[in-house]
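Working notes, structure below.
The values are calculated or read from the model by the stated rules, or taken from the named source; none is laboratory data. As the structure is a computational prediction, the values presented were derived from the model and not from experiment. All Cβ positions, even for glycine, are placed from backbone atoms using ideal geometry, and neighbour counts span all protein chains on display. Keep in mind that these areas ignore ligands, DNA and RNA; they rest on the heavy atoms of the full protein, side chains included. Shrake-Rupley method; radii C 1.70, N 1.55, O 1.52, S 1.80 Å.
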Amino acid sequence: MSASIPGRRELPESQYDLSTYWGRVRHNAGITDPRTLLVGKTGLEQAKQAIMLYKQGHTKEITPDLWKAKKVVDSTLHPDTGEAVFLPFRMSCFVLSNLVVTVGMLTPGLGTAGTIGWQVANQSLNVAINYSNANKSSPMSTWKIAQSYLLAVGASCSVAVGLNSLVPHLRRLSPSTRLVLGRLVPFAAVASAGALNVFLMRGEEMRTGIDVFPVLSAADKARLEAEGRAEGDVASIGRSKKAATLAVAETALSRVLNSSPIMVIPPLVLVRLQRTEWLKRNPRLTLPLNLGLILATSYAVLPLALAAFPQRQRVSAESLEEEFHGRGGEGGMVVFNRGI
């Protein structure tokens, strides 16, 4: 993110009010904007240079072009490492990366092999995205990543196959109700395994803690600027397991909030449309129609889900371990990177 770019003058975290839900929605709409994927290495370097000129005092005012540069940087660089996230695993590519997998999971009439195959593909992608966007102050070993991956795949496949075999036996229900329940099986598998995937892939954070920083007051920021330092130069006051648990739990919940409408709305709308004479006469349109429903729902939902919790989460130092009590910054508050 832009905080990793050197300079003694801080650029505001966002042009929107991140203390409000709709402010975070508008901010996340920028971070997830797929147009930022078209910016190559040259464009990224130009954006970083524009931010550096501001932070070093050469650019006096914040302009619309500077906000665009910040959007490019924030959607590309990891907030902890300052390195570019691999393109398919950026949140701006989240919808496109998930599109094929989601269409596959929601394909009507999948057999056991197809169900397992698409669940494996989905969890493989989830592992890569969760690892790429996690808080990097507690790195995972290769063995831990492999272990978490296998557990997540096992959980999603068990739920999907188990529910697929259960639905046909619910004979007391009408055929139309069983059809709807069958279409919702992927939702149950994705929601449960998606949350588990986050906890597994970021379990090391909860075991060892993540870096926590004091919230700086306006006077603190002015003092740092006078000393030629930036907020990024402020040292961590320690590693908190409670902060890590909160960060992981909020991220897991936001993933469920994101997947729920995507796995529920398109299949239910498609069931309704398949009963119309128009689609019965044009069955070849079922796949592109399903694709369009998933794509539209995904782009609408992602900023709403990511905005459920701030990425830079603030909590009272008193709510963490005893070692942090009385060590908070402004208002006794501390801040940490929740991850996305």
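Taking only C-alpha pairs under 8 Å that are 6+ residues apart, what is the relative contact order of the chain in percent?
Over the chain, the number comes to 20 percent.
Counting other Cβ atoms within 10 Å, keep those with at most 11, restrict to DSSP loop, and tell me which trypsin sites (Lys or Arg not before Pro) in the stretch 42-103 are left.
K60
Taking only protein heavy atoms into account and a 1.4 Å probe, give the accessible area per residue of the chain in Å².
It amounts to 48 Å² per residue over the chain.
Report the Cα centroid-to-centroid distance between the stretch 17-64 and the stretch 240-305 in angstrom, as an integer.
Cα centroid of the stretch 17-64 versus Cα centroid of the stretch 240-305: 28 Å apart.
Taking the stretch 45-124, which GluC sites (Glu not before Pro) meet the DSSP loop condition and have no more than 15 other C-beta atoms within 10 Å?
E61, E83
Measuring from label point to label point, each 7 Å out along Cα→Cβ, what is the L253 to W278 span in nm?
The answer from the label model is 4.0 nm.
Could you tell me which of rounded, prolate or oblate describes the stretch 2-96, using a ≥ b ≥ c as the square roots of the eigenvalues of the alpha-carbon gyration tensor, with rounded for a/c under 1.5 and, failing that, prolate when a/b is larger than b/c and oblate otherwise?
oblate
Enter the angle in degrees (range 0 to 90, nearest 10) between the Cα long axis of helix 94-105 and the first principal axis of the Cα atoms of the chain, meaning the one along which they spread out most.
Compared with the principal axis, the helix lies near 20 degrees.
How much length is gained if the chain between S260 and V100 is pulled fully straight, taking 0.36 nm per residue apart and subtracting their Cα-Cα distance, in nm to one decimal?
Fully extending the segment from S260 to V100 adds 55.9 nm.
Assuming a viscosity of 1.306 mPa s and a temperature of 10 °C, what translational diffusion coefficient in µm² per second does Stokes-Einstein assign to the chain, Rh being the Kirkwood radius over Cα pairs?
Using the Kirkwood radius from Cα pairs, D works out to 73 µm²/s.
When the convex hull of the Cα atoms of the stretch 240-340 is projected onto a plane and the area is averaged over all directions, what value comes out in nm²?
Convex hull of Cα atoms, orientation-averaged projection: 7.5 nm².
Rounded to a whole number, what % of the accessible area of the chain do carbon and sulfur atoms account for, probe 1.4 Å?
So the carbon and sulfur contribution to the accessible surface is 62 percent.
Hey, what angle do you get for helix 64-76 against the long axis of the chain, alpha-carbon based, 0 to 90 degrees rounded to 10?
Between helix and principal axis, roughly 60 degrees.
Compute the relative contact order of the stretch 1-156 as a whole-number percentage, counting only Cα pairs closer than 8 Å that sit 6 or more residues apart in sequence.
Result for the stretch 1-156 is 24 percent.
For helix 241-273, what angle does its Cα long axis make with the longest principal axis of the chain, in degrees from 0 to 90 and rounded to 10?
40
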